Structures are given as C-alpha cells and as structure tokens.
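These notes concern the structure reproduced below.
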Amino acid sequence: MAEAIRAVEPVCRSCGSSELQTFLSLGSLPLADGLLDAEALSRPEPRHPLEVAVCGDCALVQLTTEVPPEVLFGGDYPYYSSYSDALLEHSRRNVEALVGARGLGPESLVVELASNDGYLLQHYRRQGIPVLGIDPAEGPAREAIRRGIPTLREFFGRALAGQLAAEGRLADVVHANNVLAHVPDLNGFVEGIATLLKPDGVAVVEVPYVLDLIDQVEFDTIYHEHHCYFSVTALVRLLRRNGLVLNDVEHLAIHGGSLRLFASRRGELGAKVRALLERESRLRADRLDYYSGFGERVARLRDELRALLARLRVGGARIAAYGAAAKGAVLTNYVGIGRETLEFVVDRNDHKHGMFMPGVHVPILPTRALRERRPDYVLLLAWNFREEILAQQADYLRAGGRFIVPVPRPEIVGGVESP
Ligand code: DWN
C-alpha cells in the first residue's frame, strides 16, 4: 500500500487557486480506519503525512495530500452508522420533518449518497417512500441491502448522476451526510447533486463545521479520509459554482458541531446563511490568521493528555479506552498512546472486535470487557457521543469507574475525587 499516497497538485480542490497556506502538520499517521487483524501486526504499516491548509481565495480548509478513495473506502471499511442511538434518532427526526414539509409519498424518490448501512433511508422506506442508496463500501452496502434498501455499490459523481438522470431517476430529496469531506472531486460531486435533483428538489447535506473544529480543538477529526473541512463561506462558493444555492442552514451539535445545509437550484441565500457568512467574515475565518494558532493549541492538548496519563500510570491505575473510532486512531497515534498505557479499546461495532487499532496496536473488544475487567479509567475516544456513552456506562461510573474526555481539553468525569 506504500504507493497509496498521491501528492496533490498544489491547487485548491474547490476553486483551483494556488494560494494554499499550510497551518497544521500532524506528522505521518496510519490510515484512521485501517484496523489491523492479528496477522497484519507483524507487517510494516504505511503512514502518510497529514498537513492542512486554507485556500486564500475561496477559504476552503483542506489536506495537501491525497490517499485514493479505493484505498480508503474499499471492502473492509469498518464504519457502520447504526451503532449510535443518538445518530439514528437524529436521522429519524430529519426524515420526519422532510416528509411533512415536502409532502413526500409513494411518487417521490429520495436518494442518499454514502448511504452506509441504511441508517437513514430505512425511515423513509418504513413510510412507503421509494429510496435509493449509493455507497462504495462493501460491508455497509451489503447490510443496507439486507435491510431492504436498494443500494448501488458505487462512488457518486458527475458520471453516475448523469446516468441516473438519463434513466429518469431524479430525486425530490438528495441526502449527503458526512460525505462531502471524503470526496476528492468536490466539484464533480456537487455538480452531480445538481444534476440528480428534480427542478424543485432539495439537497440536504451535513458536514462537520470547521469553526467548531478549531474552537473545540477537534484535531482528531483531521485524517486522510477527510480531504476538506467546511465553513459556510467556502460552501456557498462551492455550491454556487456548481449551480446550487444555499437556501438555509442549521447549526447542529452532532459530531462535535455540524452544519445541515439545504441547497437547491432555486431561490436565494437564506437569512441564517447570511448571518453565518457575516459571523465568519467578522472572525476572519477566510484568512490564515484565524487558523494559525491552532497547531499550538493541539500541541498543548497533546502535552496535557500525555502528562495526565503518565501521572495515572505512575499511580498504578489501569486504563482502557472507549470507541475504536477513526478519530481515536488519530488521537492515540498523534499523542503516542499505545499498549503501555491502554489495556484495550471497547466498541459496540462487532465488525471491529478482534481487530487492533492502527499504529498503536491496541486490541478492540466488545463493551462488556469494561464490566468484566473493570479498568480504573476509560479514555473516551468517541467523545462526540459523550452523553450517549456515559449514560450507557452509568453502572461502570456508579461502581467508581472514571472517564477521561480528551477534547476540548483533558477532563476526568466520574469518581469521587480527581487525582
Ligand atoms: O466522517 C466520518 C464520521 C462521520 O464517522 C468517518 N469518515 C468515519 C466515522 O468517524 P469515526 O470513526 O471517528 O466516527 P464515530 O461515529 O465518532 O465513531 C464512534 C465509534 O464508537 C464507532 O466505532 C461506534 C462506537 N460507539 C460505541 O461503541 N458505542 C459509538 C456509540 C455512540 C456507542 O454508544
């Protein structure tokens, strides 16, 4: 896999400008979703540089190198959306609101790009609304089909959109949640959405919000799968270039702070969009100086977490982690937290059990290991689901267990007193 990395042209992947200004390097890290089986542990593991830049012209924050999508989202992609009850509920509420507001029914078509295991489309299907999922990842797509969601196992872009449009399969609603960042050809993808929509159709797109990433020091959401990190400023320009207008936007708490975009081929920039554009302009989020202190804040978090874990180890504490998340791989590798510190990581996703975290090789076990092995502390790698996971682990906490929440700064939750 050593040939997997591709040096990208030093131009912006949205507007093509050569004004890319680098503001962060996380060093060379393994692929965040590249979980290892026992056999792979003895083989050399490829690492790829992770450097982030902002475009001085269109404000898009982006990586400066690229791992091809076939490597990132191939047969063994381990991310399944349905393991979070909070995410399922978030999706169900979104579907309810859209069905009501747009009067969707048996004559409608809803398409989801990166439909994963059918976590969202299942809610339309239950109401008899025709759906089509599109996702290149074999395991999740197979699971969606098992649930009765028609799914094309393909990468979406200009070509596939043209093909669907030629077959008359135009959509009333196109969902694209947490996928825009994963797409190397951004313009082709967004143009494809415009092609796929009926004239009065709407695209509902969720992306992590780069201002929250910076504000809350969510550096561990930066990894090779995520080519871009979006502000409203960059999004408005990207959409407009490809024939879409950002009619409305919601700022949501999910995944550490996300934007839900409502875009169509009609209308104008909504009032909430204009308010966020003004805020970003006031904060100068389209300029390098907004991002330039971020690296120091990330290094400070790393040093504080290292010091905390070292102190706990010296005191004889037993430590495990929760969430074999992609962001967990970034955090453990960047901070340097391996088997000397973590006994194991637990995760609800049984596709990950028996595997090992990339780079640091910590074994992944079912969540019952927390009950059975009773570590003193659990490092919460899936901090974006903090409320959900702490509620699930109420027994562990009641029995004296403690969580270490690493982001936005290391914090101990639970227990009678802090060390
Ligand atoms: O963009 C992406 C996002 C949205 O999801 C990806 N490229 C991949 C993935 O990133 P991640 O792996 O960092 O995502 P999560 O959703 O933060 O991962 C959470 C992990 O924790 C999953 O493996 C599931 C697990 N989990 C659990 O074991 N018990 C999650 C919850 C809520 C739980 O209760």
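For this structure, a couple of remarks:
- Any chance His175 is of a type outside the set (Val, Ile, Thr) and surrounded by fewer than 24 Cβ atoms within 10 Å (Cβ to Cβ): no
- Only a single item in (1) assigned to a strand (DSSP E or B); (2) surrounded by fewer than 20 Cβ atoms within 10 Å (Cβ to Cβ) is not met by Ser18, and it is number (1).
- Considering residues of region 389-410 that are surrounded by fewer than 16 Cβ atoms within 10 Å (Cβ to Cβ) and more than 16 Å from the ligand (Cβ to nearest atom) only, the residue nearest to Tyr79 (Cα to Cα): Arg409
- Boolean, Arg158 is under 26 Å from Pro184 (Cβ atoms), surrounded by fewer than 20 Cβ atoms within 10 Å (Cβ to Cβ), out of contact with any Cys (no Cβ under 9 Å at 6 or more places or on another chain) and modelled with pLDDT of 95 or more: yes
- Selection status of Val335, over 30 Å from Gly56 (Cβ atoms) and either crowded, with 20+ Cβ neighbours inside 10 Å or in contact with an Asp or Glu (Cβ under 8 Å, 6 or more places away or on another chain) (or both): yes
- Residues located in region 297-344, provided they are assigned to a strand (DSSP E or B) and without any contact (Cβ under 8 Å) to a residue 40 or more places away in the chain: Leu342, Glu343, Phe344
- The requirement of being more than 16 Å from the ligand (Cβ to nearest atom) and either among the small types (Gly, Ala, Ser) or modelled with pLDDT of 95 or more (or both) is fulfilled nowhere in region 216-227; no residue meets it.
- The one condition in (1) within 19 Å of Tyr77 (Cβ to Cβ); (2) surrounded by fewer than 18 Cβ atoms within 10 Å (Cβ to Cβ); (3) touching a Lys or Arg at 6+ places or on another chain (Cβ under 9 Å) that Leu170 fails to fulfil: (1)
- Condition met for Gly201 (in contact with a helix residue (DSSP H, G or I) (Cβ under 7 Å, 6 or more places away or on another chain) and either more than 25 Å from Arg386 (Cα to Cα) or modelled with pLDDT under 95 (or both)): no
- Flag for Val360 being away from the ligand (no atom under 11 Å from the Cβ), of a type in the set (A, V, I, L, M, F, W, C) and not in a helix (DSSP H, G or I): yes
Per-residue answers, yes or no, for (1) surrounded by 22 or more Cβ atoms within 10 Å (Cβ to Cβ); (2) within 13 Å of the ligand (Cβ to nearest atom):
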site	(1), (2)
Tyr290	no, no
Glu304	no, no
Ala326	yes, yes
Ala369	no, yes
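- Which numbered condition Tyr124 fails, given (1) away from the ligand (no atom under 15 Å from the Cβ); (2) within 17 Å of the chain's Cα centre (by Cα): (2)
- Looking across Ala53, Ala59, one residue alone is modelled with pLDDT of 95 or more and in a loop (DSSP other than H, G, I, E, B). It is Ala59.
- Taken as a whole, the condition of being within 15 Å of the ligand (Cβ to nearest atom), surrounded by fewer than 18 Cβ atoms within 10 Å (Cβ to Cβ) and touching a residue at least 12 places away in the same chain (Cβ under 8 Å) does not apply to Leu259.
- Tally of residues being among the basic types (Lys, Arg) and over 28 Å from Ile214 (Cα atoms) across region 368-419: 5
- Criterion (within 18 Å of Gly414 (Cβ to Cβ), away from the ligand (no atom under 13 Å from the Cβ) and out of contact with any helix residue (DSSP H, G or I) (no Cβ under 7 Å at 6 or more places or on another chain)) met by exactly one of Arg339, Arg374, Arg386, Arg300: Arg374
- Taking region 32-67 as the range and being of a type in the set (Asp, Glu) and either buried (at least 19 other Cβ atoms within 10 Å of the Cβ) or within 15 Å of the ligand (Cβ to nearest atom) (or both) as the test, the residues that pass are Asp33, Glu66.
- Residue within region 376-390 that is without any contact (Cβ under 8 Å) to a residue 40 or more places away in the chain and under 25 Å from Ala253 (Cβ atoms) present: yes
The values are calculated or read from the model by the stated rules, or taken from the named source; none is laboratory data. Small disclaimer: the values here were computed from a predicted structure and weren't measured. Heads up, the Cβs are rebuilt from the backbone with ideal geometry, glycines too, and the neighbour counts pull from every protein chain shown.
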